[in-house]
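Notes follow once the structure below has been shown.
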Amino acid sequence: MPHKVFISYSSIDKNSADIVCSVLEQNGIPCWIAPRDITPGVSFAEAIIDAIKESRVFILIYSQNSNHSSQVIKEVDRAVHHGLAVITLRMEDVPMSKQLEYYISDVHWLDAMAPPLEEHINRLSRVVKMLMSKDEGKDDDIEKAIRKGTLRLGRTGKPGSGTGRYRSPWKNAVAAAAVMMAILVAVLLVIPRMSKQMDKSVAVLPFTNLSGDPDQEYFSDGMMDEILDRLFKIGDLKVISRTSSMRYKNSNLSLKKIARELGVATILEGSVRRMGDRVRITVQLIDAKTDSHLWSEIYDRDFSDIFSIQSEVAQAIGRKLKMVISPEEKSLIEKSPTANMAAYDAYLKGMFYWRKLTANDIYNALKYFDLALEKDSLYSLAYAGRSGVWAGLQQMGIKRAFEVSSDWEKDAYRAVELDGNSSEAHHALAGYLTWSEWDWDKAWPEWKRTIELNPNNPDVLTYYSHFLCNIGHIDEALPLIEKALDLDPFNSLYHSMYAAVLNYHCRYEEAIASARTALALQSDAPIAYSQLALALEGLGKKDEHLALVRERLARDPERLAAFEQGLITGGYEGAFRNDADILAKRYEEGTMRGGAVGIASHYRTAGDIKQAIDWLERAYEDRDGNLPYIGRPINSTLRSDPRFQELCRKLNIPCI
């Protein structure tokens, strides 16, 4: 059904936007909202412009965040230009910025301060229907609503301040661009994420290990992961990813509350008991709203039948949620990755350790992937898993690129050679071509093929968004990372990576909010820390930047002392120069965990352009996995240097 309403919002307010969109659509008002409605392959800007042109009503979710969002202001400009009726959904009582006030001078307000929220959004629905009505009595209905106090007329973002008379946007073409409808919605509680089709959404909770053996935890967790992976392959199904679901392991929260927090309609829970070569898996699909069972089953079978069980569970969920599963999706769901069950068991253990992402655990993962390949040398997933180990060792700074690139290349290509229809295999190859080989032309089709095979894997969506940022397609990156967050809202890594994409857009305030969310979820999240530092630097918030680094260096007395001394003798720049000098020394000694790009960043902050580019050139020689980020706007102070331009040319990356 064609949409009639465009919803504009700051990405930080996505929770609020989703619930408004959901309730409007439940009331029969089709909406367009990013990133949900952006067609893959269409640029972000093009999709936004076309959607606004095709809309009749424009809803602005107004908050401190949207008030200063350059993207929101551009969308309001387009809405006014095309003569849409604009409804301002006021979430916070903040003065309107002059940029927005330029477009929104006369506005109406619907006072909706008190809960319940749904009642106010239902009133919003009625107003939207009035605006879209072709009935001649429509204007009288709106006048009546103003007289009754349902709607209030105000000016420049101050509800109740005006006394003017309503002018129909349909009777007067000029007035259509000036008259704005405003509806005040007070969001007093944390609003859960909601999607367009809540009935076609599911979260798989961690399976309970009933084996009585803690060492079997990898198997119960693995069953959840394997069922998730099969559900991901159903393109139109919203499936909450692993990290967000795992936070509810052993939780005492009600299923209804869990579903609200995750923004889903159904919950799958289950248990696993493994005794020798026999497995007993019990699963039940529950309607979270009514707490009623939609479907349940007990599988008591031989371990060798495990892939059939996983396939049957995924397809049963699809049927119960009335999903249309294409023949290709069905084939991928039913595929058995190996006939050797010992190899599969070793693979599950490898993935169990790999997901912990610590130095010790990543080597344990390597041991089990090696074991899986000893048992089955044609096991594509095990090669893909081992590729992930090489990627992790490089990106975590445990190994230099030259130490892992050869093994990474062989395993990634071998994974695809053995199974050309494996999303994991294509993801492994896309990752190698991006972060090690820097071959964008070869990497791009691998990313696209990965998403074709598994459109709902948030890990793929996240890293693909960074690939697009690195090659200059930042508008296309944003909806991908936002979809990943919708599928895994409590994933610290994805919030960190989202902050990085926002930094590419110079949306530094939003990047700060996203990075702080990541740190709230995981206090030691390294990417969140680095992106928060970049955003503070981008905004010129030197005191906050210094405080953040000082807090981080508290665990390293040598660096902290040098940092403080540099601050005394050379101010902000001196502090970062001293820290960069220590990192450079440790790098040469081989005692630093991290790459040359990090050292270059410190010298850039210190204002030492020569040293910054020296270390970027060193990063190029070392094949530093973070060098593809050279084109981010924070490096704008380097771009006039011919050596920097030459680096961008060699990398085939836009020079900012």
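A few remarks follow.
- Spread over its residues, the convex hull of the C-alpha atoms of segment 17-92 is 95 Å³ per residue.
- Size of charge dipole - segment 346-454 - debye, nearest 20, with Cβ of Lys, Arg +1 and Asp, Glu -1, no other charges: 380 debye
- Compactness index (Cα Rg / 2.2 N^0.38 Å), segment 198-334: 0.99
- For the chain, with +1 on Lys and Arg beta carbons and -1 on Asp and Glu, the positive-most of Q394, S55, A443 along the dipole: S55
- With bins 10 Å wide beginning at 0, the percent of Cα pairs of segment 276-391 falling in each bin runs 13, 32, 32, 20, 3.
- For R449, R555, R516, the sequence from fewest to most other C-beta atoms within 10 Å is R555, R516, R449.
- As a proxy for reagent exposure, K610, K399 were ordered by neighbouring Cβ count within 10 angstrom, fewest first; the result is K610, K399.
- Residue order, fewest to most surrounding Cβ atoms within 10 angstrom, among E537, E589, E46: E589, E46, E537
- Counting only DSSP beta bridges with both residues in the chain, the antiparallel share comes to about 50 percent.
- Over segment 537-628, the Kirkwood radius and the radius of gyration, each from Cα atoms, give a ratio Rg/Rh of 0.96.
- Listed pairs K249/K289; K53/K442; K375/K483; K238/K399; K233/K442 exceeding 31 Å between Cα atoms: K53/K442; K375/K483; K238/K399
- The dipole here belongs to the chain: it is taken about the Cα centre, uses +1 on the Cβ of Lys and Arg and -1 on the Cβ of Asp and Glu, and is about 1920 debye.
- Cα radius of gyration and Dmax for segment 382-437 (Å): 10.2, 31
- Debye log10 I(q)/I(0) for segment 206-285, one point scatterer per Cα, at q = 0.16, 0.18, 0.19, 0.27 Å⁻¹: -0.63, -0.78, -0.86, -1.44
- Rotationally averaged projected area of segment 481-559 (alpha carbon convex hull; nm²): 4.9 nm²
- Label selected from [x] 40, 31, 22; [y] 43, 36, 21; [z] 70, 28, 25, the criterion being semi-axes √(5λ) of the Cα gyration tensor in Å as computed here: [y]
- Placing unit charges on each Cβ (+1 for Lys and Arg, -1 for Asp and Glu) gives the chain a dipole about its Cα centre, and among L502, F563, Q522 the Cα reaching farthest toward its positive end belongs to L502.
- Solvent-free Debye calculation, one equal scatterer per alpha-carbon of segment 375-489: log10 I(q)/I(0) at 0.21, 0.23 Å⁻¹ equals -1.16, -1.31.
- Residue (of Y218, S308, S292) at the positive-pole extreme of segment 198-334, dipole from beta-carbon charges: S292
Quick note: the coordinates plus some simple rules give every number you see, no bench work behind them. Everything quoted here is computed from the prediction, not taken from an experiment. We place every Cβ from the backbone using ideal geometry, glycine too, and count neighbours over all the protein chains shown.
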